Structure formats: structure tokens, C-alpha cells
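Since the structure comes first, as C-alpha cells, the remarks are kept for the end.
The values are calculated or read from the model by the stated rules, or taken from the named source; none is laboratory data. Everything numeric here is computed off the predicted structure, so don't read it as measured data. Neighbour counts are summed over all protein chains in view; Cβ atoms, including those assigned to glycine, are modelled from backbone coordinates with ideal geometry.
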Amino acid sequence: MKKNFFRVLSVILCFAVLSTSFAFMSFAEETVVSTVPFRVHVAMNGDASSQRGFSWYTKSSTDSVVEIYGEDGQLVNATVTYEDVFEWEGNFCHKAVVSGLEAGKTYTYKVGDGETFSETGTFVTDNGDDSFDFIAVADVQAGNEERFEQGSKVLDAAFATMPTAEFYANLGDFTDDSTNEEWDWYDKHFGENNMSTTLVPIAGNHDGLGVAHWFNNMFSLDTSESVQVKDGVNYSFDYGNAHIAVLNTNDLLAISNAQLKWLKNDMNGTDKDWKIVLMHKSPYSLGKDAKWPDALYLQKSLAKTLDKCDVDIVFSGHDHMYLRTKALENNKVSEDGTVYVLAGTAGGKRYEIRSFLADHFLDTDFIAAMTVQKHGYANYWNGTDWSETKDTNVGGVFNCVSIKGGTLSVTAYVLADEPDADGNPVITVIDTYTLTKEVGQNEITFTGDNTTSELEYILSVVPSFLRLAAYAFGEWLPKFLIMVPDLLDVVINEGTF
């Protein structure tokens, strides 16, 4: 009897020990999972030769630690400034700025809480010379995991085509609805590339309008001169012999007077040879969004500011097609003007041509190159019309930009949706062009404070809306009404609006 009792007691104790062990293991596993960093980004933040912004998320509130290693594998004694950890949509956001880095160096890094870390990533700092490469993509705008995977393959192809790229710009609309699920899919498929380079993020309307603070909470950016951060961030940086400004075209539906003032001062405050602007909404397009007042407002109002600042080239997204204008000044073709590039979409959502926009909202004489993908074929500009098609032009678009002294060259590529018979990616050049200039000609004409106080921004809101309204009713509405017969014809016969 006594033996049976001890046997039963032994069994009970064994189960107790096992249960406790499993519970401990589950707790330990949950703790590790909750502290593992995800959505890790290294963003351009301040001086590109010595500084970067780091951001990541965790499932639980933990400490923030960034460790930087040099080319010799040794820990670098850099200065790290941390922001307070805060909760955002059920996760915890970490931000830091690392400064004191050396120019022209390759660094590795990891982020975490001091015990649990991310995988190791890499980035390079600007060496300050007049030769560098970068990549520009736009409008992944995926709403399901398959589309994110499709878009990530385009970025993979871009880095395979230009392995010398020192950073890449995402021209906005990272996701479709800016939800946790979509950002996690984005991280799953874009995370490897994001951890192996520096990102220059641009706020799209799907990243800012109606989803306040998502964009600024996703990246560690220099917001010191941003006119506001609720629906995006405007910022700028020097890289090599170029000055690059990032605009927020969600600002009061398009761009506020305050941001236009900032842009003018920012561009007049540099003597770099090349002046480049990155933004989401496009001033010049034949896509479905080009018929609305905000596009015309940018075409008229923003373009005037760019003309005054001698901006060389603008890259934008939003309208899910590829289009490059000739050099334009005062809304006319001019050798001394600005080239506008609608960079195409890296995603699978592509827009048809809205032919009713031609010569109403976009003078066809402005078009230097165009590729529009839809329904298994691709229209392209042959110099007189867009009725020509090429099946090889169907796919996701990426842009490779190379600057060497007084030469800036861009090549736009399409990655076909399907690989070849051997499973290899099919990459086709759809446009290539070169800008040249005499270097050392730009002068600094602005040296003041370029920050915008909250009061100054508030006071600019009403004038900004009045200016937009004046364009809407004074220029957009008459153009739209004149265009209505052509619009109705296309809607009836082609089913596009």
C-alpha cells in the first residue's frame, strides 16, 4: 500500500515538474519574442557622412540599444541619442540617432535591448566626393502579402542591377491602408534590403492622409525643419555634390505655403552642384490622379518655387506609371528647366492612360518618355502618341541614378512579372537619359533660420487653403469643364475615369 502511494506521488511530482518546465519554457519563449526587434530601418538623418537615424519596434516595452561596428569588427565609440520608447498601435517604437561616424566607411550594426538583438545590418556613409549611385522606387502600395513579395523582388532586381547604390529612396505609399498587418508584411519582404542599406523614405498619401503619425513613427528622421509631422515629414540632406530635399505632399492636401517657403530657403541655402527633389504626388502625369486640383496646384505653385531655386530633377510617384518630362521652366519646355520623373510603380497596381488629360492637364509636347502598364500590355510614348505597345514593358519599375561630377544619369528598368524559362528575372530598360552641367556654379543666397514655428504654420493654413482654392476654381475648374466631353467619351468607350 505504501509503495503504491509513493508511486502515485512520484507520478504527480513528475507531472508537476514537467508542467512547470513547459510553463517556464513558454514564458521564456514569449519573453524573447516580445523583445525581438522588427521593422528595423536605417534612415538618412542629418549629416550623411557621419550620422544615421535608427528605428525599430518590439512587442513589449524594453530598453533601446544600438551597437555600431567598424570595418575591423570592433565596437565603434559613436554618440547615440535615444528617444523615449512609446507605444504605437499595440507595439513599442524605438528611435535613435547615431553621430560621430567616419565618412566613406562601411558599418555593421544591431539594435535591441542589450540582451536580445536584431540580426546584423550594414550601411555606408557618404565619403563626400562627387561620385555616387542611388536607387528610386515608388508605390508598392500592397494590401496583401503576395503584392509585398512582388514589390520586394523589384527592389532585389534594382540592387542586383546597381550593387554600388549607397542608398535607396522609396517615393511613398509603402502600404495600402497603413495597418499593423501590412507593415509587418512589408517588413517580412523588404526587411533584408532595409537592413543592408540606408533608406530615404518619402510620405505617400497612403502613409499619411487619414492615418496620422504612422509615417513619422515608422522612421527616425530629422524633423528639426519639418513644418509639421502629423501626415509626413519634409527634410533634406547633402550627399556627395548633391543637395536632396524630401517633400511632404500630404501637407494641406498638397503642399502648404510654409513648406514652399522652407523649400525655397533650403535650396537657396546650398552651393552643391546638383539640386534634387523627392516627393510623392506628381505634378505631371496622364494617370487617374492627374485630373484633380492638387496635381494642378503642384504643377503651378510648386513648379514656380522649383524654377526659382534652379532644381535640376524631381522624382515622384503616386500615379503608378512611368513618365519623364522634358526640361520645363515656367510650365514650358526650356533647356534650363527642371526634369520631372514619375518613377513608375514597384507594385502590381498599375494605372491606364487617361487620354482625356492630354493637352488639358498635360501638354503632350512635354513628354520625353513614357511607359504605362495595364492588362498584360504596355503603352509607351513613340514621340507622337501612346498607341504603341510592348509586352516586355509589363512589370515593376525601378530607377538607377548615378552622379559623377557634372553628369547625372538615370536608367529606368522594368522587372517582368514572370521569370524566363530558366527561372531568371527578365529586366528591360524602358528609359535612359543624362543631364550635364558645369559644376561649381551654384551659390548660397540664404543663410537664415529655416525652421517653422507652430504659430507660423497655423497662421499659414488659411492662406494656403485660399491659394489652393484660387487654383481650384480659377484654373482647375475651367480646364475640367472644357475636358468633360473628352472625359465622357473615354468613360463610355473605354470604361476608365
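Per-residue answers, yes or no, for (1) assigned by TED's automatic domain parsing to the domain that holds V484; (2) touching a residue at least 24 places away in the same chain (Cβ under 8 Å); (3) in contact with a helix residue (DSSP H, G or I) (Cβ under 8 Å, 6 or more places away or on another chain):
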residue: N331; (1), (2), (3): yes, yes, yes
residue: E335; (1), (2), (3): yes, no, no
residue: V341; (1), (2), (3): yes, yes, no
residue: A368; (1), (2), (3): yes, yes, no
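State yes or no: is T384 within 28 Å of the chain's Cα centre (by Cα), in the same structural domain as T164 (by TED's automatic domain parsing) and β-branched (V, I, T)?
Details: within 28 Å of the chain's Cα centre (by Cα): no; in the same structural domain as T164 (by TED's automatic domain parsing): yes; β-branched (V, I, T): yes.
Considered against the rule, which asks whether it is within 28 Å of the chain's Cα centre (by Cα), in the same structural domain as T164 (by TED's automatic domain parsing) and β-branched (V, I, T), T384 comes out as no.
Filtered by the rule that a residue be in a loop (DSSP other than H, G, I, E, B) and under 19 Å from N257 (Cβ atoms), region 281-305 gives K281, P283.
Have a look at N180, N193 and point out the one that is surrounded by fewer than 18 Cβ atoms within 10 Å (Cβ to Cβ) and either in contact with a Cys (Cβ under 9 Å, 6 or more places away or on another chain) or over 20 Å from G317 (Cβ atoms) (or both).
Matching residue, one of N180, N193: N180.
Scanning region 230-281 for residues that are at positive phi and surrounded by fewer than 22 Cβ atoms within 10 Å (Cβ to Cβ) returns a single hit, L253.
Look at region 46-67 and say how many of its residues are in a loop (DSSP other than H, G, I, E, B) and in contact with a Phe, Trp or Tyr (Cβ under 8 Å, 6 or more places away or on another chain). Counting residues in region 46-67 that are in a loop (DSSP other than H, G, I, E, B) and in contact with a Phe, Trp or Tyr (Cβ under 8 Å, 6 or more places away or on another chain) gives 8.
If I filter region 442-449 for residues that are within 21 Å of D251 (Cβ to Cβ) and out of contact with any helix residue (DSSP H, G or I) (no Cβ under 7 Å at 6 or more places or on another chain), do I get at least one hit? Yes: one or more hits.
Rundown of residues vs (1) among the hydrophobic types (A, V, I, L, M, F, W, C); (2) under 26 Å from the mean Cα position of the chain (by Cα), yes/no style:
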{"site": "L415", "(1), (2)": "yes, yes"}
{"site": "Y457", "(1), (2)": "no, yes"}
{"site": "K479", "(1), (2)": "no, no"}
{"site": "V491", "(1), (2)": "yes, no"}
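Looking at region 422-465, which of the residues that are part of a loop (DSSP other than H, G, I, E, B) and among the hydroxyl-bearing types (S, T, Y) is surrounded by the most Cβ atoms within 10 Å (Cβ to Cβ)? For region 422-465, the residue satisfying everything is T452.
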